[in-house]
2 protein chains.
Amino acid sequence: MSIQYAILGLLSWKPLSGYDIKKIISESDLYPWSGNNNQIYRSLVEIHAEGLVSQEVLLQETLPARKVYTITQKGLTALRAWVQSTPELPELHNTFLIQLAWADQLSGAEMDAMISKYAEEVDIQLRMLLEKGQRPSNTPARTRREAFLWEKISQNLVSTYQNELDWVRKLQTELKEKGH
Amino acid sequence: MSIQYAILGLLSWKPLSGYDIKKIISESDLYPWSGNNNQIYRSLVEIHAEGLVSQEVLLQETLPARKVYTITQKGLTALRAWVQSTPELPELHNTFLIQLAWADQLSGAEMDAMISKYAEEVDIQLRMLLEKGQRPSNTPARTRREAFLWEKISQNLVSTYQNELDWVRKLQTELKEKGH
DNA sequence: CCTTTCATGTAACCTGTTACATGATTGG
DNA sequence: CCAATCATGTAACAGGTTACATGAAAGG
């Protein structure tokens, strides 16, 4: 997929500036991009050139000018088509599994240490996600159904980390029990 | 992380050619790379230049020559250090969630169709993983502990897709029940 | 006083992908 | 006869990251 659709999606919610989009993408756990300027400002120029969004320059007295983008009818249609296009499988990028694959070289204590470190990190991430879920700020809820979908998206992220945490805890206890 | 450590890991198992490594990486679900030539042959040249592996050219009568790489003591030490280095969190790249985020534009039937398509794909992937798990071929098992670790890695992948499937099935039934 | 926020944008770089190039052998 | 397997490698491109550049205002 392309980040352009992610941006188009955000603009289908409400008009936003590049700066706004950057903040949302870099703070959210849903988007797999860092939210760097280069990508976002370029993408906006591109989707503007394609007529998927319109641009409005808001001059401000003291602060720098804001370029606010609004989705067009053409943009809405393009987004709709993309949303219905064949979904991709989630891509799993778990470096820890590759580290674990070659961990037999380590002593029991060393292995325990590396696994504990990972468990700790996953645990922290899970707590952060649950905390964020408490205060639904940046999520659109124009209909009851949309609110429901966003709740489900949040639950997906939580359950993914919860599943990972369960797996790693079980790994820890099994290693201790069996005294491998 | 870098693919170089993934390659070093494989070579800590047994000596392999670039061609072998390419096959393993492109066929396995553990590695998040496509296994394209460019990356692999370049990486091998690099880790060879760093003295992490040694190279042996095996001339074959009819077939093209094989360049077989063997890990060195320096390579084993570097791998060991990497395995113990601070683990990263798993990176979640799930495009479907972003599609779902803007799916409120769709009719009930259209949304049902897109979700079903996703559920179907995840289901197929899960079945394929379970099938692969039945025949443990390409996994090292030099000690009981190593066999255990690889079993756990396989279980991690399975549980991730199983968790995703459970989530999407629940999404389907909840949408039907509530008649959103 | 220093850091953060606002707000846009560019340059240089790194990583990864697809596609191309070569060429013999084996299997359906 | 055509496709796949073996086996290495390169060129062109796409996607993404970090770091740089500017410059005012607000907050601790």
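Computed from the coordinates by the stated procedures, all read-outs in this text should not be read as laboratory data. Since the structure is predicted, the reported quantities are computational estimates derived from the model, not experimental observations. Note that each Cβ is placed from the backbone with ideal geometry, even for glycine, and that neighbours are counted across all protein chains shown.
The two copies B and A are related by a rotation, and the chain B beta carbon nearest its axis, with distance in whole angstrom, is B:ASN163, 2. If you plug the beta carbon distance of A:GLU151 and B:LEU130 into 1/(1 + (r/R0)^6) with R0 = 25 Å, you get a FRET efficiency near 0.25. Spherically averaged projected area of the convex hull of Cα atoms, chain A: 14.1 nm².
Ordered by the number of other Cβ atoms lying within 10 Å of each residue's own Cβ, fewest first, A:TRP82, B:TRP33, A:TRP102 fall into the sequence B:TRP33, A:TRP82, A:TRP102.
For the stretch B:3-84, the alpha carbon convex hull comes to 90 Å³ per residue, rounded to a whole number.
Shortest first, A:ARG42 label-point distances to identical copies amount to 1.7 nm, with the label point at 7 Å from Cα along Cα→Cβ. Binning the alpha carbon pair distances of the stretch A:95-177 at 5 angstrom intervals from zero yields the distribution 3, 13, 20, 18, 13, 10, 8, 7, 5, 2, 1, 0, expressed in whole percent. With the label put 7 angstrom out from Cα along the Cα-to-Cβ vector, B:LEU59 ends up 7.8 nm from the copy partners, going from closest to farthest. Among the lysines of chain A, pairs that are 8 or more positions apart or on different chains and have alpha carbons within less than 22 Å of each other number 15. Taking 4 °C and 1.567 mPa s as conditions, the protein assembly as shown diffuses translationally at an estimated 56 µm²/s according to Stokes-Einstein applied to its Kirkwood radius (Cα pairs). What's the local net charge at A:ALA81, with K and R +1, D and E -1, over the other residues with C-beta under 13 Å away? Combined, the nearby Lys, Arg, Asp and Glu give +1. The other copies place their A:LEU130 label points at 3.0 nm from this one, listed shortest first, where each point is 7 Å from Cα along Cα→Cβ.
Neighbours of B:PRO140, meaning other residues whose beta-carbon lies under 10 angstrom from its beta-carbon, give a summed charge of 0 when Lys and Arg score +1 and Asp and Glu score -1. Taking the longest Cα principal axis of chain B as reference, the axis of helix B:108-134 is set at about 30 degrees.
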